[in-house]
Protein chains: 2
Amino acid sequence: MFSPSTPTPTSSLSLPIDAQGFNVALTEAQNGRTEGGIPIGSALFTRAGVQLGAGHNMRVQRGSPTLHAEIAALEAAGRQSANVYRDSTLYTTLSPCSMCSGAILLYGIPRVVIGENTTLVGEEDLLRCRGVEVVVLGDARCQNLMSDFIKEHPEIWYEDIGKPTA
Amino acid sequence: MFSPSTPTPTSSLSLPIDAQGFNVALTEAQNGRTEGGIPIGSALFTRAGVQLGAGHNMRVQRGSPTLHAEIAALEAAGRQSANVYRDSTLYTTLSPCSMCSGAILLYGIPRVVIGENTTLVGEEDLLRCRGVEVVVLGDARCQNLMSDFIKEHPEIWYEDIGKPTA
Ligand SMILES: [Ca+2]
Ligand SMILES: [Ca+2]
Ligand SMILES: [Zn+2]
Ligand SMILES: [Zn+2]
């Protein structure tokens with residue numbers, strides 16, 4: 001039951017454009033699944049709600065070890081000035097790995113909205129300690145996309161995060 | 001004068017293949033300059049001396065915000081298993097930014113050989129504290145490539161490292 005003293009859960013979307021941005025990322029993840037790829041999606045939006053770029057993991061589709069969803073979204077956004085990044089939010093269906101977190105830090109992206117972090121906890125602590133706002137939604141659709149994929153293709157998933165297969 | 005008690009300077013190449021790996025990275029940087037791009041090059045080698053991939057920064061040539069030299073080298077190497085990365089060295093002409101350092105951490109690359117870190121000190125401390133061996137060569141050719149480029153195109157350089165132009 002709502003009470004004014006209830007703290008805002010970190011799972012709440014706090015900006016009006018967050019539902020839109022997150023949905024684009026989720027649709028990207030679903031497109032990745034349809035293509036037979038790792039179902040992780042991402043999108044970069046300005047704070048005002050303009051979509052700059054979106055993409056999904058392309059390891060399977062393009063044999064790419066660097067086109068994680070977040071990198072694909074940044075690549076789709078193309079060359080941008082620092083001021084654009086510094087007024088943007090990156091949406092991603094899964095907690096960002098060290099490469100993607102590093103890209104967030106490189107460009108000074110101040111805010112990251114994450115679908116879920118039960119499959120993997122990326123570099124959320126590093127992001128927070130460098131001043132990035134990190135919102136985790138705990139979205140079951142994102143979790144299910146990943147758990148289904150990992151059940152079918154564990155070796156592709158471990159390759160994507162640089163872990164030896166057990 | 002050599003004495004047994006002299007500590008090995010961090011500027012020395014410590015593996016027999018380092019000269020070869022570093023030269024590939026330097027040639028990539030020079031190719032980037034010839035193309036009118038940001039002159040940073042990189043190469044990924046196995047410890048045994050097999051070249052896995054090489055590349056250079058493609059911001060200007062392909063309008064890419066994510067194909068830093070190190071990412072281009074990893075992309076050229078294609079999909080690799082964790083065991084391959086964990087027995088490799090990444091050569092780069094410039095100290096790696098947070099994105100490229102994050103990629104090194106993602107794939108568990110244990111060793112990075114850096115041409116110079118006077119133009120930029122990337123995430124060397126983070127790499128070291130995560131157990132990555134970091135060797136800095138202080139190579140004047142790498143420094144000159146960058147200082148010449150930055151004199152001509154400061155705005156492209158600042159864009160590449162996510163900094164607002166002054
Ligand atoms: Ca990914
Ligand atoms: Ca670069
Ligand atoms: Zn990633
Ligand atoms: Zn970089």
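One table, with the values for the structure above:
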quantity	calculated
Within segment B:85-103, considering residues that are assigned to a loop (DSSP other than H, G, I, E, B) and within 12 Å of ligand 4 (Cβ to nearest atom), the one farthest from residue B:71 (Cα to Cα)	B:95
Failed item in (1) buried (at least 24 other Cβ atoms within 10 Å of the Cβ); (2) in contact (Cβ under 8 Å) with a residue 24 or more places away in the chain; (3) within 16 Å of ligand 4 (Cβ to nearest atom), with residue A:106 passing the rest	(2)
Any hit, segment B:148-166, residues being more than 23 Å from residue A:78 (Cα to Cα) and under 14 Å from the mean Cα position of the chain (by Cα)	no
Condition check for residue B:115: surrounded by 18 or more Cβ atoms within 10 Å (Cβ to Cβ) and assigned to a strand (DSSP E or B)	yes
Residues of segment A:30-67 classified as not hydroxyl-bearing (Ser, Thr, Tyr) and not in a strand (DSSP E or B), total	23
Some residue of segment B:109-129 being within 16 Å of ligand 1 (Cβ to nearest atom) and either farther than 15 Å from residue B:52 by Cβ or of a type in the set (S, T, N, Q) (or both)	no
Conditions (1) within 28 Å of residue B:127 (Cβ to Cβ); (2) surrounded by 17 or more Cβ atoms within 10 Å (Cβ to Cβ): number failed by residue A:131	(2)
Selected residue [on the phi < 0 side of the Ramachandran plot, of a type in the set (S, T, N, Q) and away from chain B (no Cβ under 11 Å)] from A:98, A:88	A:88
Count of residues meeting criterion [of a type outside the set (Ser, Thr, Tyr), crowded, with 16+ Cβ neighbours inside 10 Å and over 15 Å from the mean Cα position of the chain (by Cα)] in segment A:46-70	3
Test: residue in segment A:27-48 that is away from chain B (no Cβ under 14 Å), hydrophobic (A, V, I, L, M, F, W, C) and in contact with a Cys (Cβ under 7 Å, 6 or more places away or on another chain)	yes
Residues of segment A:118-145 classified as under 13 Å from the mean Cα position of the chain (by Cα), touching a residue at least 60 places away in the same chain (Cβ under 8 Å) and assigned to a helix (DSSP H, G or I), total	1
Within segment B:49-67, tally of residues that are closer than 23 Å to residue B:159 by Cβ and either modelled with pLDDT under 95 or within 14 Å of another protein chain (Cβ to nearest Cβ) (or both)	12
Condition broken by residue A:152, with the remaining ones in (1) without any contact (Cβ under 8 Å) to a residue 24 or more places away in the chain; (2) acidic (Asp, Glu); (3) within 14 Å of another protein chain (Cβ to nearest Cβ) satisfied	(3)
Selection status of residue A:127, within 16 Å of ligand 2 (Cβ to nearest atom), aliphatic (A, V, I, L, M) and touching a helix residue (DSSP H, G or I) at 6+ places or on another chain (Cβ under 9 Å)	no
Among the residues listed as B:70, B:75, the single one being more than 7 Å from chain A (Cβ to nearest Cβ) and either part of a loop (DSSP other than H, G, I, E, B) or closer than 25 Å to residue A:127 by Cα (or both)	B:70
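The values are calculated or read from the model by the stated rules, or taken from the named source; none is laboratory data. Nothing here was measured: the structure is a model prediction, and the numbers come from that model. Glycine gets a Cβ as well: all are built from the backbone with ideal geometry, and neighbour counts include every protein chain shown.
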